[in-house]
Amino acid sequence: MIRKLSIWVSRTTDPYANLAAEEFLTFHVQPDECILFLWQNAHSVVIGRNQNCWKECRVTELERDGGHLVRRLSGGGAVYHDLGNLNFTFCMRKENSNVIRQMLVILRAAASFGLNAQMTGRNDAAVDGLKFSGNAFYDSRGCYYHHGTLLINVDITSMSRYLDPSREKLASRGVDSVRSRVVNLSALCPEITVETMKEAMIRSASEVYSISAEPFDEKRFDLEDLEHMRERFDSFSWKYG
C-alpha cells in the first residue's frame, strides 16, 4: 500500500541524466512509496529498449541538428522530446502498481483545466480522440515504473521530421493522418504551460492517492551511482545497439 508520495522535479534537460535519475529512483523507491518524477529533455528522440534506432529515427539528421538519441529501459515506440514536452514517471514497487489509478492522475490534471481527457488505445490519453500522452512501463526485481509524455507545446514539425514511422503505419494511415492524431494541450487551453501542468500533476497525484505530496530528499541520491548510470545511457553501444 502506498503511504508516501514523494515529488522530484528535475533541474536538468540532459536526457542521459534524466534517464539515469529515473532508473535510480525506480530501484531506490521505498516499499510504501510512490515517487512522481517530472522532467524535460532538450531536443531528443527516445527509443524503446528493443527498438532498432535506424528504423525508428532519422539518426543522422537528428545528430547533425544537435539532437540526442536515447534508449530507455521500457519498451514501446520512439518518441520526440523538446522543451514543449513534460515527461512524468511513477516509480513504485510492482505490488503497488495500478495503471488505472496512475492514468487517473493524468486525466484529473487535464480536467483541472476543463478538458475532458480519456484513456484510449494502449494506455494513451486523449481529448476528443487526439492523443496528448503516450505511456510505457518497466519492472524488474519487484521495482516498477510507469512513464510517459505530456504534449504541452511540442514542435510537431520536428516530431514528424526526426521520427521515421514504419511502412505499415504509413500505408494504413498516411503521413498527414499520423500527424493529425496528436495535439498540444496548449492548443486546447492557453492556460496550460509546462509549469502549470507540473503543478496540476502534483495536485492531482495528492488527490488520487489521498496523500500530501512532499519533496524527494536529495540526500537519498548516490551521485557516483547516478554518474555511472548516465554514462551507460550515453554510451554508443547502449544507444545504437
Against the conditions (1) surrounded by fewer than 20 Cβ atoms within 10 Å (Cβ to Cβ); (2) under 17 Å from the mean Cα position of the chain (by Cα); (3) within 16 Å of Asn184 (Cα to Cα); (4) of a type in the set (Phe, Trp, Tyr), where does Phe132 fall short? Just the number, please. (1)
Please enumerate the residues belonging to the range 135-158 that are surrounded by fewer than 20 Cβ atoms within 10 Å (Cβ to Cβ) and closer than 28 Å to Arg58 by Cα. Phe137, Asn153, Asp155, Ile156, Thr157, Ser158
Find the residue count for the range 204-237, including only residues that are among the acidic types (Asp, Glu) and surrounded by fewer than 10 Cβ atoms within 10 Å (Cβ to Cβ). 3
Look through Ser158, Ser74, Ser97, Ser133 and report the one residue that is polar (S, T, N, Q), within 17 Å of Ser204 (Cβ to Cβ) and out of contact with any Cys (no Cβ under 6 Å at 6 or more places or on another chain). Ser133
Note on the range 85-124: residues under 22 Å from Asn41 (Cβ atoms) and in contact with a Phe, Trp or Tyr (Cβ under 6 Å, 6 or more places away or on another chain) are Asn87, Thr89, Cys91, Gln102
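Throughout, read-outs are computed from the coordinates displayed, never taken from laboratory work. Note that the structure is predicted; figures quoted are calculated from it, not measured. FYI the Cβ positions are ideal-geometry reconstructions off the backbone, even for glycines, and counts take in every protein chain you see.
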